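The values are calculated or read from the model by the stated rules, or taken from the named source; none is laboratory data. It should be emphasised that the depicted structure is a prediction, and the values quoted were computed from it without experimental measurement. For neighbour counting, all protein chains shown are included, and Cβ atoms are generated from backbone atoms with ideal geometry for every residue, glycine included. SASA here: full protein model, heavy atoms, side chains in, ligands and nucleic acids out. Shrake-Rupley method; radii C 1.70, N 1.55, O 1.52, S 1.80 Å.
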Amino acid sequence: MFESLKKAYSPPMRFPIRKVDKDKCDRCRRCVEACPTYGLILDEQGYPVPHGYGPFESACLNCWNCVAVCPTGALTLEGSFAITQGRYKGTLEENMRFPEPLLGDKRPYGELEKELTEVEKVIYKRRSNRLFRKKAVPKELLHRVLEAARFAPSAGNCQPCKFVVVTDPKLIADIERDAMKVLRFLKNLYLAEKGRRPLWKNAIFSATSLVMPTKMDPRPMTAMEKADRSNDVIYWGAPAVIFVAKNTRGISNPDLDTGMATQNLVLAAHALGLGTCYIGLTIEPLNYPYMKSYRKLLGIEEPYELVTSIAIGYPKGKIDAAVKRDTPPITWIEGS
Ligand SMILES: Cc1cc2nc3c(=O)[nH]c(=O)nc-3n(C[C@H](O)[C@H](O)[C@H](O)COP(=O)(O)O)c2cc1C
């Protein structure tokens, strides 16, 4: 128990190795911009170099977005990400694989894709998009993706979701700025100062991880760092944001229903050539009393509660691509 708490603060982690082939890199900086964390920075010559964060030698979520956006194939990732001890110890198999949907068929994804359905192709190639064009998304398209959300399954068909579409850049920027004040506080609570870990911060962080285990995982801290260093940009410059709320009186598990409806929306958006990125960073602050006025503005009041938000817009360049993913445990229990 004590060990688990102690390691909650800065648990030992293994990171994938990111390598940049300078002969191939054209210094377009797309990988740096697309990285959700402060995990890639530019060196003096403008080449991307892996970067750490606070006590971690590297800041990488293993999402492969940098590889997906690289137009020249200059970036490679090897190995997996794993928290190896403590409260946030990983449960994945550390077996990174491209999509292998056809049982026993180990052909590269590019070769087997032609045998897949259109739905499967969108599922495998959708990537979180963090490079947006300034171009506004036509209302017809926003309507179209919201309509896809309406037809998601829900417990007892209770449809507990509410969607709020914001295309006002000022409101988006205001939310980012005020949410960042909370995130900055959290991040500074977590971050080691000048390489040393003040014990009182360690203790607070570890204790909070016990009460709110899903909220204090160290991984989002490095995304907060990136937002902090990018002038509070959390929505990646997207021209529209869709806030998603749940009716807290929904049947059984409205969070699950809301997630499924949102994923319908996201997949429909990618099938239509749009890019999306789930944004959770603003949600916690928005649900605090401190940001009540924004909830009022968004019309999120009893019985609704914000669950997530989606940055949506036209992607800048090619982003959707199949990448490797780790393998979660699967158990088969078959009759004889
Ligand atoms: C509930 C949820 C919240 C997320 N919040 C953020 C966020 O605040 N900022 C961000 O850049 N990405 C966010 N993401 C995107 C994840 O980082 C991303 O899905 C993950 O790294 C896998 O990459 P992929 O979506 O490209 O497959 C979030 C994803 C989910 C599902």
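When the residues of region 298-316 are filtered to those that are away from the ligand (no atom under 16 Å from the Cβ) and either open to solvent by 70 Å² or more (accessible area, probe 1.4 Å) or among the aromatic types (F, W, Y) (or both), the one that is nearest to L131 (Cα to Cα) is Y314. The residues in region 108-166 that are open to solvent by 70 Å² or more (accessible area, probe 1.4 Å), under 13 Å from A322 (Cα atoms) and assigned to a loop (DSSP other than H, G, I, E, B) can be counted, and the count is 1. When residues in region 202-236 are screened for being crowded, with 19+ Cβ neighbours inside 10 Å, modelled with pLDDT of 85 or more and of a type in the set (A, V, I, L, M), 5 of them pass.
Once region 42-66 is narrowed to residues that are modelled with pLDDT of 95 or more and in contact with a helix residue (DSSP H, G or I) (Cβ under 8 Å, 6 or more places away or on another chain), the residue that is surrounded by the fewest Cβ atoms within 10 Å (Cβ to Cβ) is L42. Whether any residue in region 282-295 is within 25 Å of L61 (Cβ to Cβ) and within 14 Å of the chain's Cα centre (by Cα) is what I want to check. Looking through region 282-295, at least one residue is within 25 Å of L61 (Cβ to Cβ) and within 14 Å of the chain's Cα centre (by Cα). Give me a count of the residues in region 187-201 that are part of a helix (DSSP H, G or I) and open to solvent by less than 30 Å² (accessible area, probe 1.4 Å). Final tally of qualifying residues: 4.
Please find, within region 284-297, the residue that is nearest to the ligand (Cβ to nearest atom) out of those that are open to solvent by less than 10 Å² (accessible area, probe 1.4 Å) and among the hydrophobic types (A, V, I, L, M, F, W, C). Let's see the steps before the verdict.
Taking region 284-297 as the starting set, the residues that turn out to be open to solvent by less than 10 Å² (accessible area, probe 1.4 Å) are 285-286, 291.
In the following step, the residues that additionally are among the hydrophobic types (A, V, I, L, M, F, W, C) were identified as 286, 291.
Numbers: L286: 12, M291: 15 Å.
Looking at the filtered set, the residue picked out is L286.
Among the residues of region 245-257, are any among the hydrophobic types (A, V, I, L, M, F, W, C), touching a Gly at 6+ places or on another chain (Cβ under 9 Å) and assigned to a loop (DSSP other than H, G, I, E, B)? Scanning region 245-257, I find at least one residue that is among the hydrophobic types (A, V, I, L, M, F, W, C), touching a Gly at 6+ places or on another chain (Cβ under 9 Å) and assigned to a loop (DSSP other than H, G, I, E, B), so the answer is yes.
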